[in-house]
Amino acid sequence: MNLIIDIGNTRVKAALFSNKELEHSFIFDSTEEVLSFDLFAKYPINNCIVATVVNEIDTFIEALKKKTNVLLFTSSTPIPIKNHYQSAQTLGSDRLAAAVAGNYKFTNKNILIIDAGTCIKYNFVNSSNQYLGGGISPGLKMRLKAIHEFTSRLPLLELDEHFDTLIGTTTNESILSGVALGAVAEVDGIIDRYRLIYEDLTVVFTGGDFNFFAKRLKNSIFADQFLILYGLNVILDYNINAKT
């Protein structure tokens, strides 16, 4: 089995794949929790890939290497698509893994992959299987936090998954309207702009807030909450096969 680990800004997501199929998925609060859960005692793991957007994981990687073969995904790791990003060394592993997964599921198509988490990340792969780049904007929680931190009197609110009111009649409602509906309008607008250039565009959505957007977007999308994990598994298999 392949162990896939994606270390994000707030959570650690992991999955076990067998024959390209996701068998089990997990969410941890820290890398220490991953080790204490001891997946290796429970499952026959042969290979592992780790992607991270945070630093200081050397101790974690060394602990994993004592148990299995480990590939640390970086900008120099071979991938099955062409990377045309101009600053490849600064490209987040989550963005590239999402692009690989989108291309794997929709090969030879123009694909916009949107990852709605801490940030909303737009990643585009063209029909020639080339990753060109995209965009990054603040995620929902980041927008709520910014409104509070950069003003004197506006409160810090939690996202209401059910909020869908255009005209806020209180300050709290006005903040939620601006953040929630504003973000949805942004995403729909970005998709529309891509479709002006690529009429046959396929849109794939993932990330922690994908349910919130999936219910509200006017554009048709494919939603997959495990997209990045699938992409990392494709990259791991690609590197394993390259050695044989």
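Readers should treat all values here as calculations from the given coordinates under stated rules, not as data from a laboratory. Since the model is a prediction, treat every value here as computed from it, not as a measurement. Cβ placement follows ideal geometry from the backbone for every residue including glycine, while neighbour counts extend to all protein chains displayed.
If amide H atoms are built 1.01 Å from N in the plane of the peptide, which residues on other chains or at least 5 residues away come under 5 Å of the amide H of THR202?
Answer set, sorted by chain and number: ASN110, ILE111, LEU112.
What are the lysines whose alpha-carbon lies under 20 Å from the alpha-carbon of LYS82, with same-chain residues fewer than 8 places away excluded?
Answer for LYS82, where 20 Å is the Cα cut-off: LYS105, LYS109, LYS121, LYS243, listed by chain and number.
Taking a cut-off of 14 Å between Cα atoms, list the aspartates and glutamates near LYS215, but don't count ones fewer than 8 places away on the same chain.
LYS215 reaches ASP160, GLU161, ASP164, ASP188, ASP224.
For each of ARG143, ARG153, count neighbouring Cβ atoms within 10 Å of the residue's Cβ, then give the residues from fewest to most. Please report the intermediate quantities before stating the final value.
Numbers: ARG143 18, ARG153 6.
By the 10 Å Cβ count, ascending: ARG153, ARG143.
I want the antiparallel fraction of DSSP beta bridges within the range 28-144, as a percent rounded to 5.
Values: 13 of 19 bridges.
Of those bridges, close to 70 percent are antiparallel.
List the chymotrypsin sites (Phe, Trp or Tyr not before Pro) within the range 113-158 that DSSP assigns to loop and that have no more than 13 neighbouring Cβ atoms inside 10 Å. Working shown, then result.
On the way: sites: TYR122, PHE124, TYR131, PHE150; in loops: PHE150.
Answer by residue number: PHE150.
Angle check, please: helix 93-105 long axis (alpha carbons) against the longest principal axis of the chain (alpha carbons), in degrees 0 to 90, nearest 10.
Once rounded, one gets 80 degrees.
Loop by DSSP (not H, G, I, E, B), at most 12 other beta-carbon atoms within 10 Å: where is the longest site-free stretch of the chain for GluC sites (Glu not before Pro)? Write out the running numbers ahead of the final one.
On the way: sites that count: GLU56, GLU158, GLU161, GLU199.
Longest gap between qualifying sites, sites excluded: 57-157.
Would the chain count as rounded, prolate or oblate if I go by the C-alpha gyration tensor, calling it rounded below 1.5 in a/c and otherwise prolate when a/b exceeds b/c, oblate otherwise?
On the way: a/c = 2.15, a/b = 1.40, b/c = 1.53.
Note, shape of the chain comes out oblate.
Would you mind checking the tilt of helix 227-243 against the longest principal axis of the Cα atoms of the chain, expressed as 0 to 90 degrees and rounded to 10?
30
Give the order of THR165, THR52 when sorted by the count of other beta carbons within 10 angstrom, beginning with the fewest. Write out the running numbers ahead of the final one.
On the way: THR165 14, THR52 22.
In increasing order of surrounding Cβ atoms, one gets THR165, THR52.
Check each of the trypsin sites (Lys or Arg not before Pro) in the range 3-102 and keep only those in coil by DSSP with at most 12 other C-beta atoms within 10 angstrom; list them in order. Spell out each step's value before the answer.
Details: sites: ARG11, LYS13, LYS20, LYS42, LYS65, LYS66, LYS67, LYS82, ARG95; in loops: ARG11, LYS20, LYS66, LYS67.
Within the range 3-102, the qualifying trypsin sites (Lys or Arg not before Pro) (loop, at most 12 other Cβ atoms within 10 Å) are LYS20, LYS66.
Within straight cross-link reach of LYS65, meaning Cα distance under 19 Å, which aspartates and glutamates are found once same-chain residues fewer than 8 apart are removed?
Of all the aspartates and glutamates, those that pass the test against LYS65 - Cα under 19 Å, at least 8 places apart if same chain - are ASP6, GLU32, GLU33, ASP38, GLU56, ASP237.
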